[in-house]
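Working notes, beginning with the structure itself.
The values are calculated or read from the model by the stated rules, or taken from the named source; none is laboratory data. Model, not experiment: these values are computed from the prediction. Please note: Cβ atoms are built from the backbone with ideal geometry, for glycine as well, and neighbour counts cover all protein chains shown.
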Amino acid sequence: MTVVAVVGAQWGDEGKGKVVDAIAPDSALVVFYAGGYEPGQTLVADGERFVLHLVPSGPLRAGKTCLLGQGTAIDPRLALEELAILESHGVLAGDLKIDQRAQVVLPHHIEIDRLRGEAEGASGAPRHGIGPAYGDAVARRGVRMGDLLLEGLEARIAASIEASAREIDELGGELPDAGEVTKEYVAAAEKLAGRIIDGSRLIHDLTSAGKTVVLEGPFGTMVDRDHGYYPYIVSASTVAGGACTGTGISPRTIDRVVGVAKAYITRPGLGPLPSEVTGDLASTLQDRGGELSPTTARPRRCGMFDVPVLRYAARVNGFDELALTKLDVLTGIDEIPVCVGYELDGDVADEPPFEGQSRMQPLSEMLPGWKEPLSDCRSWEDLPENARAYVEFIEKNAGVPIRFVSVGPDAAQTIERVAS
Ligand code: GDP
């Protein structure tokens, strides 16, 4: 039995999906332990392009069973919509399960999220009700997926709407009708009924039978609701600890924690990005790395690799090893800057500080680049010397063994370093 947690070490979009395929091709189950609306997995079927946000198309297409864990927040209507897209293209080879304890995203969660976004004049990124759904969960008035199939649902939904009514009204929004919402959600839940299960038990049964289970986190450590750059965070627990609370398994069950970091930094949206770069380097990373939000098509902010962030993520998550992705994107850059620390009020910080992000300056070192494309490299020895030196520099400075190096989007473009 092996239980592997795969966790983003930065701000998300590190390539966790691809790493899961590469490190655990034999897994019996892939569990998504938190979140509920990803920026988007692009799916191309029959020449048409779809962006899915909830249903994990990659592992399902590969024939895996997938579980949306207890720590997720789910709009059952979106789940049905995305399952229909997959099914209509004959790509639902696997099986999707949903934990009965996962929180339900209700229409007023989406409405209040939208209104708050508008009121804050925030980045304009679309909002999907995940934060308010988690808020209701903590306030003990949430509705869980399993509740959708039980008596007394309308009263619970009405109480949840009522608790938000004043704010929605003040912000000029529309209050949904509890009766109509109940009808719509019961209908959706009935279609999903066979998928709603006790996820903790499923994981337990599979691991007891000696199977491999992968627990994949959403986004990355730096937006974790407790350990990210507060308040520029998401509402989900993205770190390895969240893999236990988001599934209902013991910390003792996890055998391996694999961090995933890009060979540079990206960050969607607002908030501190200490190693941010602009100009030609930013455009190069955005263009070559395809660093556009699939939903808004806006370029992601980019930065040089941030060693203090990885050091921090490794400590908080207890990474056993790291997968470094998108190394191929750096080909052709003459000298590659790497952030090795921050200067803050005359001192040097070797990890992201508790406060002062707007005052700190990145300290960087320049590493020599390489010209050769990496996409055909299949072993450590195939990589140009400077590419290996870049990986070794990060490894040495952050103190995490880098076991996998990814040089392209395909599973085959993953180099596993064998200990010498
Ligand atoms: P996640 O949000 O961390 O799960 O990231 P995804 O798995 O969705 O990956 C983000 C994108 O990066 C996808 O389009 C991947 O195909 C792509 N990708 C992953 N690894 C590599 C890599 O090593 N090189 C390149 N060029 N693209 C990669």
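Residue check: VAL30 meets all listed conditions (1) crowded, with 24+ Cβ neighbours inside 10 Å; (2) modelled with pLDDT under 90; (3) of a type outside the set (Gly, Ala, Ser); (4) away from the ligand (no atom under 11 Å from the Cβ) but one, namely (2).
Every condition in (1) part of a helix (DSSP H, G or I); (2) under 29 Å from ALA261 (Cα atoms); (3) touching a Phe, Trp or Tyr at 6+ places or on another chain (Cβ under 7 Å) holds for ALA79 except the one numbered (3).
Entry remark, the stretch 375-400: residues being part of a loop (DSSP other than H, G, I, E, B) and not hydroxyl-bearing (Ser, Thr, Tyr) number 7 in total.
Among the residues making up the stretch 221-248, those that are buried (at least 24 other Cβ atoms within 10 Å of the Cβ), within 15 Å of GLY71 (Cα to Cα) and modelled with pLDDT of 95 or more are ASP224, THR238, VAL239, ALA240, GLY242, ALA243, GLY246, THR247. Filtering the stretch 263-312 to residues that are among the small types (Gly, Ala, Ser) and more than 16 Å from ILE394 (Cβ to Cβ) leaves GLY269, GLY271, GLY279, ALA282, SER283, GLY289, GLY290, SER293, ALA297.
Applying the condition of being near the ligand (Cβ under 9 Å from one of its atoms) and charged (D, E, K, R) to the stretch 321-336 and asking which residue is surrounded by the most Cβ atoms within 10 Å (Cβ to Cβ) yields LYS326.
Among the numbered conditions (1) of a type in the set (D, E, K, R); (2) touching a residue at least 24 places away in the same chain (Cβ under 8 Å); (3) farther than 23 Å from ALA73 by Cβ, the only one that ASP287 does not meet is (2). Taken as a whole, the condition of being away from the ligand (no atom under 15 Å from the Cβ) and under 17 Å from the mean Cα position of the chain (by Cα) does not apply to ALA5. Applying a threshold of 8 Å to beta carbon distances and a minimum spacing of six or more residues, or different chains, the list of pairs starting in the stretch 401-419 at a residue that is over 19 Å from ALA313 (Cα atoms) and assigned to a loop (DSSP other than H, G, I, E, B) and ending at one that is modelled with pLDDT under 90 and away from the ligand (no atom under 11 Å from the Cβ) reads ALA411/PRO25.
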